[in-house]
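Since every read-out is calculated from the coordinates, none of them should be taken as a lab result. Owing to the predicted nature of the structure, the values given are computational and were not obtained by experimental measurement. When we count neighbours, we look across all protein chains shown, and the Cβ atoms used for this are built from the backbone with ideal geometry, even at glycine.
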Amino acid sequence: MATKVLDSWALLTFFQGESSAQLVKKILLEAEMGRQHLLMCVVNWGEVYYNILRRTSAATAEMIAREIAAMPIELVPVDADLQLVRQAALYKASGKLAYADAFAAALAKLRNAELITGDPDFQAVAGEIKIGWLK
């Protein structure tokens with residue numbers, strides 16, 4: 001079974017009904033059927049939450065949080081995973097990525113997973129991790 005990491009960009013495009021929403025929906029359905037394992041770092045979950053909160057309301061952000069909780073996505077904590085935090089720090093220190101993005105990239109690298117995103121900033125690490133580009 002393939003493992004994929006969702007960047008916040010992927011879920012935001014899904015919830016906002018943007019052009020890549022159907023591709024994200026397909027990925028979620030594949031995971032629901034047990035054909036792939038989806039991961040998301042809690043830092044990136046927080047990025048989704050604050051973006052929805054900032055653009056809409058606390059009530060909408062909470063509704064989206066409940067929807068994510070019902071999705072077949074394993075949230076990966078960072079509290080005791082120094083290897084994950086160290087790899088994210090290396091990406092951030094290199095100047096390649098924003099800190100939250102560095103966690104998504106680090107998780108993909110450490111889990112040998114494909115990162116699902118449409119964020120062009122990840123071009124900086126495209127040679128180090130596999131990226132499934134959303135358009």
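Looking across the stretch 119-129 at every residue that is without any contact (Cβ under 8 Å) to a residue 60 or more places away in the chain and in a helix (DSSP H, G or I), the one that is surrounded by the most Cβ atoms within 10 Å (Cβ to Cβ) is identified as V125.
Out of the residues in the stretch 77-118 that are surrounded by 20 or more Cβ atoms within 10 Å (Cβ to Cβ) and not in a helix (DSSP H, G or I), state the one that is farthest from the chain's Cα centre (by Cα). Ranking the candidates gives L97 first. Of the helices (runs of 4 or more DSSP H) lying entirely inside the stretch 1-59, those carrying at least 3 residues that are surrounded by fewer than 18 Cβ atoms within 10 Å (Cβ to Cβ) and not basic (K, R) are 21-32, 42-55.
Checked against (1) exposed (fewer than 15 other Cβ atoms within 10 Å of the Cβ); (2) under 15 Å from the mean Cα position of the chain (by Cα); (3) closer than 16 Å to V24 by Cβ, G132 passes all but condition (1).
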